Amino acid sequence: MYSFGTPFLWAWLITSIYFVGHAGTFYTCIYWLIPKFYNTKRYAAFVALLLVIFMVGVIPVAVCLWPVMRHIFEGYTVTFGRTFLYVLLANFYTLFLLVGIKIIREKRQGERKTQLLEKEKTENELRFLKSQINPHFLFNAINSIYILIRKDPEMAAGTLAKFADMLRYQLYECNTDEIPIEKEVAYLDNYIEMEKLRKGNTVTTHYEVGTQVSNFHIAPLLIIPFVENAFKYVSAFSNQHNSVDITLAYKAPVFELQVQNTVDENITVPEDKVYGGIGLENVKRRLELIYNNRYNLQINTTNNKYLVTLSIQTT
């Protein structure tokens, strides 16, 4: 207005009327209408009340502006209808643009919050699943070391050192999302040595790590549940061969684990076998959370042998 020759005070008055009217309408929508109706998904009520607030906000501005406009443009016919239409259009552009921006911002903030909550939920679930691994192994290992102390103190000391390394790995090195495969293999080495000690000559163990299994990362404590399961459910025949075969291979970018153990078909084992203290469904859940569609898990029982094949795309 001022730039078109309107005196400064009159231009300031018109601007103030617009500002107060638009601000009242806008803040009513922002702090009352959107939180109470839009955010609670009451969309029909939101649209209806938005139109009501829009019209109610136009009327007082037009009523206050009309006499001012008549005074400024004395030589022209300034009707209330024209003033009302002018304010209506101005309020429409201002209100709906600002409300639209606010809704988009709140939607993005809500999506970010949902993503953060989902991420936190996933991390908590992973921590819970990880904490359940190897609950009974501690007792078995300590019991084996206790027996070994009487038979061979020197070997018992070496075994205890390996056991301490395993605990250190679980407590201090598994707090990250991924670790070098070399660390997981080192943990597996110690675990298998402990199981060999516990099983003695009753079980033949074949353990092979391919030369290419190096220089990539994997989720911690992901292999051990399947290996622990093999030692837990391996057959105990007195007149037949009992064995556990473990093979690790890597052909970039796919890491493959094969674990096979002999089983006694006369002994009924629950379908949801317990893997390292957690159910099979929980193992699958952890794989799904970490690797989503980048893994393949196959479990088969044939000819008195239980075979697990796990393939993971590491990149």
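The values are calculated or read from the model by the stated rules, or taken from the named source; none is laboratory data. Remember, predicted model here, so these are calculated numbers, not experimental data. Here the Cβ positions follow ideal geometry from the backbone for every residue, glycine too, while neighbour counts run over all protein chains shown.
Things worth noting here:
- Residue list for region 193-225, filter: surrounded by fewer than 20 Cβ atoms within 10 Å (Cβ to Cβ) and within 20 Å of ASN239 (Cα to Cα): LYS196, ARG198, LYS199, GLY200, ASN201, THR202, THR204, THR205, HIS206
- The set of residues from region 156-190 being of a type in the set (S, T, N, Q) and modelled with pLDDT of 80 or more comprises THR159, ASN190.
- Only one of the numbered conditions (1) within 13 Å of LEU307 (Cα to Cα); (2) touching a residue at least 40 places away in the same chain (Cβ under 8 Å) is not met by VAL234, and that is (2).
- Checked against (1) assigned to a helix (DSSP H, G or I); (2) at pLDDT below 75, ARG108 passes all but condition (2).
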